[in-house]
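The values are calculated or read from the model by the stated rules, or taken from the named source; none is laboratory data. Everything numeric in this text was worked out from a predicted model, so none of it was measured. Cβ sites come from the backbone with ideal geometry, for glycine too, and all protein chains shown count toward neighbours. Side chains included, ligands, DNA and RNA excluded: accessible areas come from the protein's heavy atoms. Shrake-Rupley method; radii C 1.70, N 1.55, O 1.52, S 1.80 Å.
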Amino acid sequence: MVSDSSAVKAHKSLLKISKRNKHIQFYEYLYKSKIISINSRLDKENNLQFFIAKTIISQQVSVGAAKSIWKKVEILLKEKKIIITPERLVKCGLSKPKASYIYEVLNNVELQLVSKKTLKKMQDDELSKFFLKIKGIGPWTLGIIKMFYLGNLDTYLNGDLAIKKRALYFFNDSEYSGEDYSPYRTYLCLYLWQSISTSLD
């Protein structure tokens with residue numbers, strides 16, 4: 001059993017909501033699932049720019065490929081004597097567009113100066129205004145920042161392909177917004193992601 005009380009509370013709430021809304025398949029899946037803790041998934045090692053760089057790398061590539069590329073980029077970023085250039089990032093395995101995005105993120109003064117505390121105080125529209133003007137950061141990346149950097153519990157990634165797939169399976173709607181499960185839509189996503197690697201038949 002997970003000792004994280006917020007995770008236990010979220011799991012109980014998701015069970016209650018799924019039962020009330022007659023999401024029977026999802027209720028049965030949750031009932032059998034081990035409790036997931038968002039706290040254990042928060043990135044507490046990387047600063048904001050490194051976190052965004054890592055997230056951009058994970059877009060549209062396999063988990064294995066993303067880990068391999070990030071490992072090379074991370075070594076490069078931690079080498080203080082080397083000047084980071086888009087060309088050096090490309091040599092790590094990144095495409096030219098992604099290398100350009102990450103280069104801009106690393107040199108973005110606003111990202112360098114803003115604190116996590118300040119970001120946590122921002123409303124959703126403020127976060128969107130702050131982040132979405134930066135090349136390489138779209139709604140999906142912003143959602144990941146809110147979930148795993150800021151620890152926001154009520155973020156739903158309806159643009160995520162795996163989420164769409166599981167929303168279709170459990171809720172008969174690939175465009176499902178997750179509103180029923182607020183204020184625990186981040187946990188909803190975590191369980192939907194987890195279900196991808198679980199046999200549901």
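What to note about this one:
Residues are listed down the side, and each one gets a yes or a no for (1) closer than 30 Å to LYS9 by Cβ; (2) small (Gly, Ala, Ser):
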residue: VAL90; (1), (2): no, no
residue: LEU94; (1), (2): no, no
residue: LYS98; (1), (2): no, no
residue: ILE102; (1), (2): no, no
residue: LEU127; (1), (2): yes, no
residue: ILE134; (1), (2): no, no
residue: ASN158; (1), (2): yes, no
residue: GLU179; (1), (2): yes, no
residue: SER195; (1), (2): yes, yes
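- Note on segment 71-84: among residues that are assigned to a loop (DSSP other than H, G, I, E, B) and open to solvent by less than 100 Å² (accessible area, probe 1.4 Å), the one that is nearest to GLN49 (Cα to Cα) is ILE84.
- Residue that is within 27 Å of GLY151 (Cα to Cα), open to solvent by 40 Å² or more (accessible area, probe 1.4 Å) and of a type in the set (D, E, K, R), where the choices are GLU28, GLU87: GLU28
- For segment 40-52, a residue qualifies if it is over 18 Å from TYR156 (Cβ atoms), in contact with a helix residue (DSSP H, G or I) (Cβ under 7 Å, 6 or more places away or on another chain) and open to solvent by 60 Å² or more (accessible area, probe 1.4 Å), but none of them does.
- Of the candidates LYS54, LYS67, LYS22, LYS12, the single residue that is assigned to a helix (DSSP H, G or I), without any contact (Cβ under 8 Å) to a residue 60 or more places away in the chain and more than 21 Å from the chain's Cα centre (by Cα) is LYS12.
- Filtered by the rule that a residue be small (Gly, Ala, Ser), open to solvent by less than 60 Å² (accessible area, probe 1.4 Å) and at negative phi, segment 169-201 gives SER174, SER177, SER182, SER195.
- From the list TYR31, TYR27, the one residue that fits, being over 22 Å from GLU104 (Cβ atoms), touching a helix residue (DSSP H, G or I) at 6+ places or on another chain (Cβ under 6 Å) and in a helix (DSSP H, G or I), is TYR27.
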